[in-house]
Structure formats: structure tokens, C-alpha cells
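Working notes, beginning with the structure itself.
The values are calculated or read from the model by the stated rules, or taken from the named source; none is laboratory data. All of these numbers come straight from a predicted model, not from anything done at the bench. Cβ placement follows ideal geometry from the backbone for every residue including glycine, while neighbour counts extend to all protein chains displayed. For accessibility, only protein heavy atoms count, side chains too; no ligands or nucleic acids. Shrake-Rupley method; radii C 1.70, N 1.55, O 1.52, S 1.80 Å.
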Amino acid sequence: MSKDTYAGTLAAAKKGWLSAHRYLLLRRASQLSMLALFLCGPLTGLWIFKGNLAASRFLDTIPLSDPFILLQSLATGTIAGSTALLGGALIATFYLLSGGRVYCAWVCPVNILTDCAAWLRLRFRLREGISLNRNTRYWMIAMVLAVTALTGSLAWELINPVTMLHRGLVFGLGLAWTIPLGIFAFDLLVSKRGWCGHLCPVGAFYSLLGRFSLLRVRAERREHCSNCLDCYAVCPEPQVISPALKGENGRGPVITGANCTNCGRCIDICAERVFSFGRRF
Amino acid sequence: MTETKYHDGQSSERRKFLLETARTACGVALFGLGLGLYGNKQAVARPVYTMRPPGALPDKKFLAACIRCGQCVRACPYKTLRLAKPEEEVATGTPYFSARQIPCELCEKRPCIRACPTGALDPLLTDIYKARMGLAVLIDRENCLNFLGLRCDVCYRNCPLIDKAITLNPLHNQRSGKHTLFLPEVHSKHCTGCGKCEKSCVLEKAAIKVVPLALAQGELGHHYRLGWEEKTKAGKSLIPEQLDLPDRMPEFTTPITPEWKP
């Protein structure tokens with residue numbers, strides 16, 4: 001990435017704009033259609049998903065529920081009903097195979113905001129700001145479970161921006177819009193990729209869940225890498241790239257870092273077509 | 001020399017790591033403390049005019065089991081239920097209703113309970129009339145029209161358990177001297193807390209209100225035994241027959257009614 005260009009300029013010039021934004025567009029389409037599927041019922045009366053991301057019923061039959069919320073419920077000593085547990089098992093299995101943080105990149109509505117903030121940071125070359133430890137999110141999981149166990153109520157769900165935003169959009173926002181807006185401002189002005197990459201316990205939980213997922217990004221053509229660093233610039237978790245791209249002694253070419261969100265932005269941005277989706281093995 | 005340097009580097013690395021870990025742990029713990037205090041407050045601070053859906057577990061257990069998915073809200077055919085928004089006083093995302101706005105219609109098929117995936121609305125509540133969402137209380141006896149001697153009876157007639165949950169008790173109207181007051185009385189044994197009485201009360205502000213059970217009900221001292229109940233249980237009185245002393249009449253020396261002649 002030279003001084004006068006932005007990450008992606010080269011890829012767009014070489015592969016065409018559409019090809020350089022393929023997964024980004026697919027991802028936005030996925031995020032928006034997830035929302036649309038939930039909104040379809042209340043707006044048109046055609047019920048595809050009933051509920052919200054915490055738990056829902058697909059076509060009034062298949063239950064789906066968020067395993068992290070069930071885990072919180074479990075921490076209070078409550079064993080959720082069989083419907084919720086079945087729904088949790090279905091969702092957990094899906095993310096076990098597809099990569100836990102597929103949830104973050106392809107489903108979570110907050111991602112649109114934080115990606116926006118990150119894009120603005122890149123565009124206006126803002127400095128990183130306060131640097132948070134990337135492990136803070138695992139501390140957050142421990143804190144959430146501890147507070148939940150101590151207070152006996154689902155503490156995180158009182159302020160969880162992910163469920164609050166989604167629930168708000170589906171059931172009526174009220175003042176719930178202030179929290180995601182706050183996160184956008186935090187990511188833009190305070191800390192680069194601060195929320196999703198460092199704090200959000202939901203993302204942390206899903207990264208643990210998808211630790212051994214089958215679907216992975218591979219640096220298959222890494223010998224073609226021209227060291228332009230565009231992938232590092234756009235990647236929300238750039239620390240996962242090096243071992244796969246630059247790893248020596250037979251390491252790589254699969255990105256195995258649990259925090260990789262499988263967003264595919266590196267595939268888009270690489271003019272040399274180094275990356276591609278593939279299997280772990 | 002190089003070795004010392006290496007060791008120095010390692011220990012400063014370690015120091016940095018420990019410091020950063022401590023800082024992170026501290027920050028997260030502080031955040032957790034705030035969250036815990038806020039969460040605890042939310043758990044106990046539900047306003048009295050907000051009722052949980054039928055079958056809801058006791059407050060504390062409900063907040064642990066409800067995952068705030070809103071499926072009960074969607075299932076309610078009368079749009080009675082809604083999910084609390086963050087600015088409301090009810091724990092964010094949990095379902096509630098306000099009787100004065102839309103009461104619970106006590107659907108016999110219990111769609112809200114059946115929609116709940118976690119059992120926060122107890123699936124064992126198969127008889128909707130066993131629901132205890134709260135207890136109706138005739139809270140203002142000064143403005144209730146029936147207490148004023150006017151026959152309103154609207155709460156009584158709207159009660160799904162008429163003559164069980166609410167009865168009208170006749171009482172002589174001492175003000176007019178020739179009329180009867182019909183005083184509504186709520187019986188906790190049957191009242192479901194659906195709130196139809198509160199909704200239908202014709203006053204500007206309802207004289208009868210549904211409030212959470214914990215607030216509505218008193219609690220008898222645990223050592224209390226009600227004699228008449230114990231008597232039925234035992235089949236006989238638990239105290240021995242009362243000693244009946246013979247009645248002694250005063251002995252009169254003169255007749256009680258002396259003969260009187262004008």
C-alpha cells in the first residue's frame with residue numbers, strides 16, 4: 001500500500017472492483033438478509049424467523065438459540081428447557097463446522113457499524129488510539145459468567161449490544177440505538193477495532209467455539225505474496241495472518257487462528273490472489 | 001554480557017506481561033462490578049404496575065431463565081406482552097404487560113407459555129386459571145363506586161372467574177339507611193392476576209389494581225394455627241370441652257316485680 005493509495009486500490013485495478021469486493025458484498029447481503037428474515041414476520045405477516053438472535057423458531061418448527069446466552073443461563077444454575085437446548089446444539093454445531101466467528105462477520109448486526117468505523121479509520125488514516133490487550137475479551141467472558149453466577153440473572157443481556165441492537169430492530173428500538181452508536185464512536189475515536197477485536201465476549205465465545213472449524217481461509221498461493229500489506233490493513237484480526245502467510249518450517253498455509261472471522265476480506269483485497277476459502281485439512 | 005542482557009530483556013518482558021495482565025483484569029473486574037450492581041438493581045426493581053406473563057417463574061428465577069427472545073410476545077394474540085426497552089425500569093429485553101393498558105386474556109391454549117423455549121414460563125402450568133401473575137387489590141375504597149353506594153360492578157362482571165376471584169358482599173348502607181352496598185372482594189385462592197378488573201374499572205384511575213403477589217399479600221406469623229381449620233382437620237375440637245359451671249341465680253327476698261298500684 002503506497003502513500004497515495006488505500007488498501008484495495010491495487011486489487012480493484014488488477015481484478016476489477018466487483019471481484020475486489022466480492023466477499024464484502026456477500027457479507028453485507030448476508031447480514032442484511034438475516035435482519036430481513038427476522039423483520040419479514042412483523043412487517044409483512046410472513047413468519048420465517050420468530051424471535052430474535054437470542055432464540056428463535058425457524059418456520060415455526062426448528063428452534064434455534066444462542067449458546068452463549070444458554071451458557072450464561074447455566075451459570076446461574078438454571079437448566080434451560082429442552083427446546084432451547086436443542087436450538088443451542090443446532091447453532092453450536094453449525095459454528096463448530098463453519099468457524100465460530102462466522103457469526104461475527106456474517107450475522108452480527110454490530111459488525112456493520114464496527115467495520116464502518118474501521119473503514120473510516122483506514123480512509124482518514126487515524127492513529128490506533130488506546131491499545132487494549134486482545135485477550136481482554138476472554139477476561140470479559142470470565143467476568144460475565146462470574147457476575148451472572150453471583151447476581152443470578154443474565155447480567156450481560158442487560159447491556160449486550162449485539163442482542164440489544166437486534167432485539168431493538170425487530171421489536172422496537174427505544175433508546176437501544178445509543179449503545180451501538182457508542183460502540184461505533186468508541187471504535188472510530190478511541191480504539192482501533194476496539195469492540196469486536198478486543199472486548200466483545202460474544203465474539204470471544206464464538207472464537208472458542210470455532211477453534212477447530214473445518215472452513216478456513218488458506219494462503220494457498222503465498223509464494224506470490226508481494227508484501228503490499230493490504231491484507232493486514234483490512235483484517236480485523238491481523239495477528240492471525242502472519243503464521244499462515246509467513247510461517248516457516250512447514251507452518252501454514254491455513255489460517256488457524258481462532259479469532260479469524262472468516263470474513264474473506266483478505267481474499268478480496270489481495271491483488272495476487274494469495275488467499276482463498278478452503279478446508280482446514 | 002550478552003547473557004545478562006538476554007535475562008534483562010526476558011524479565012522486562014515478563015514484567016510488562018504481568019503488568020498488562022493485571023491492568024486488564026483490573027479494568028474488566030471494575031466493569032464487572034458496575035454491571036453486577038446494575039444487574040442486581042434491575043433484578044429487584046420491577047415497577048408494581050408491570051406484570052410478568054402467565055406461568056412466569058418467581059422473579060429471581062425468571063431473570064435467570066428468560067433469554068429475552070420475545071417469542072412469547074409474538075405468540076400473544078392480543079399483543080398484551082412487550083419486551084422492555086433499555087430505558088424502561090424492567091430488566092432489558094424481558095417480557096411484561098401493564099394491565100391498565102392491555103390485560104391478559106387467559107387463553108386456555110397458553111400460546112405464550114408454549115412459545116417459551118427455556119421454561120422461564122413454566123410449561124407445567126397447564127390450567128391457565130392456576131396462573132398467578134399478581135393479585136388484584138381493591139386499593140382505593142374511597143373512590144370505588146360500589147363503596148360509594150352506586151352499583152358499578154364492572155370489575156366483578158369482567159372477571160373471568162366471576163363469583164370466585166371477585167365476589168360482591170352485601171352490606172347495609174348506613175348513609176341512606178335503606179339501601180345495600182355491594183362491596184367487591186378479591187379472593188387470592190382464585191385470582192390469576194390477569195388484570196381485566198383493573199382494565200375495566202370505570203374510574204379515571206383504577207380503584208382496583210393488580211400488583212405483584214409479594215406486595216399484595218401479607219404473611220401470617222408461622223406459629224399461627226386457625227382453630228376452626230385445625231378442628232376440621234382433626235375432626236374434633238382440639239381443646240377440651242369448656243367447663244360449664246352451674247348458673248346461680250340471685251336469691252331475692254322480695255318479688256322481682258313488686259306489685260305497683262297507682
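Annotations for the structure displayed:
- Unit charges on C-beta of K, R, D, E only; dipole of the range B:118-262, Debye: 500 debye
- Sorting the segments B:130-139, B:29-38 by their residues' average number of neighbouring beta-carbon atoms within 10 angstrom, most packed first, yields B:130-139, B:29-38.
- Hull shadow area, averaged, the range A:60-104 [alpha-carbon convex hull, nm²]: 3.5 nm²
- Inter-label distance for A:Phe212 and B:Lys60, nm, one decimal - labels placed 7 Å from Cα along Cα-to-Cβ: 3.9 nm
- In summary, the range B:1-120 shows an alpha-carbon radius of gyration equal to 1.78 times the 2.2 N^0.38 Å reference for compact globular proteins.
- A:Ser82 exposes around 90 Å² of accessible area when a 1.4 Å probe is run over every protein chain in place.
- Taking 7 Å steps out from each Cα toward its Cβ at B:Arg15 and A:Arg221 produces label points 4.9 nm apart.
- Highest average first, the peptides A:92-105, A:221-234 ordered by how many other beta carbon atoms sit within 10 Å of their residues are A:92-105, A:221-234.
- Dimensionless Rg/Rh of the range A:25-77 - Kirkwood Rh, Rg from C-alpha atoms: 1.08
- Prolate/oblate/rounded call for chain A, Cα gyration tensor, a/c under 1.5 rounded: prolate
- When only Cα pairs below 8 angstrom with a gap of at least 6 residues are kept, the range B:155-237 shows a relative contact order of 23 percent.
- Net dipole in debye of chain A [+1 Lys, Arg Cβ; -1 Asp, Glu Cβ; about Cα centre; nearest 20]: 660 debye
- 3J(HN,Hα) from dihedral phi, the range B:14-24, Karplus parametrisation 6.51/-1.76/1.60, rounded to Hz, x for glycine, proline: 5, 4, 4, 4, 5, 4, 5, 4, 4, 5, 4
- The residue list A:Gly197, B:Val211, B:Leu81 was ranked by how far each Cα lies along the charge dipole of the protein assembly as shown toward its positive end, using unit charges on Cβ atoms, and A:Gly197 comes out on top.
- Pairwise burial B:A, computed as accessible area of each alone minus the pair, summed, 1.4 Å, Å²: 3300 Å²
- Other protein chain Cβ atoms within 10 Å, averaged over every residue that makes up B:30-43: 6
- Gyration tensor over alpha-carbon atoms, the range A:120-189, equivalent ellipsoid semi-axes in Å: 26, 20, 7
- Inter-centroid distance (Cα atoms) of the range A:10-69 relative to the range A:166-216, Å: 16 Å
- Potential extension, B:Leu30-B:Asp244 segment - 0.36 nm per residue separation minus Cα distance: 69.6 nm
- Scanning chain A for long hydrophobic helices, with DSSP H runs required to stretch 27 angstrom or more by C-alpha along their axis and to average at least 0.0 on the Kyte-Doolittle scale, returns A:22-44.
- Highest-first arrangement of B:99-111, A:261-273, where packing means the average Cβ count within 10 Å: A:261-273, B:99-111
- Measuring r between the beta carbons of A:Cys40 and B:Arg114 and using R0 = 30 Å, the FRET efficiency lands at 0.85.
- By DSSP, the beta bridges lying fully in the range B:150-262 are antiparallel in about 90 percent of cases.
- The mean sequence distance of close C-alpha pairs (under 8 Å, at least 6 residues apart), as a share of the length of chain A, puts its relative contact order at 25 percent.
- Accessible-area composition of the protein assembly as shown, carbon plus sulfur, in percent [1.4 Å probe]: 61 percent
- FRET efficiency for B:His172 and A:Leu32, using Cβ-Cβ distance with R0 set to 45 Å, rounded to 0.05: 0.05
- Dividing the summed -39500 (n - 2.57) terms of all DSSP H runs of n ≥ 4 by the residue count of chain A sets its mean residue ellipticity at 222 nm at -14000 deg cm²/dmol.
- Furthest towards positive pole of dipole, B:Ser200, B:Pro262, B:Leu220, structure part the range B:178-262, Cβ charges: B:Ser200
- Toward the positive end of the charge dipole of chain A, with +1 on the Cβ of Lys and Arg and -1 on the Cβ of Asp and Glu, the farthest Cα among A:Tyr206, A:Leu175, A:Ala29 is that of A:Ala29.
- The protein assembly as shown, Rg to Rh (Cα coordinates; Rh as Kirkwood inverse mean 1/r): 1.20
- Where N is the number of residues in the range A:76-211, Cα Rg divided by 2.2 N^0.38 Å: 1.11
- Gain on full stretching of the segment that runs from B:His222 to B:Tyr78 - 0.36 nm per residue minus C-alpha separation: 47.7 nm
- Per-q log10 I(q)/I(0), the range A:20-158, q = 0.16, 0.17, 0.20 Å⁻¹ (Debye; single scatterer per alpha-carbon; no solvent): -1.06, -1.15, -1.33
- Here the simple spin-label model places points 7 Å from the Cα toward Cβ, and for A:Asp60 and A:Leu173 these points are separated by 3.1 nm.
- Separation between Cα centres of the range B:110-163 and the range B:25-44, rounded to whole Å: 36 Å
- Here the range B:178-254 is treated with +1 on each Lys and Arg Cβ and -1 on each Asp and Glu Cβ, and its dipole about the Cα centre works out to around 520 debye.
- Relative contact order of chain B, taken over Cα pairs closer than 8 Å and 6 or more residues apart, is 16 percent.
- The range B:173-253: radius of gyration and largest Cα-Cα distance (Dmax), Å: 23.3, 73
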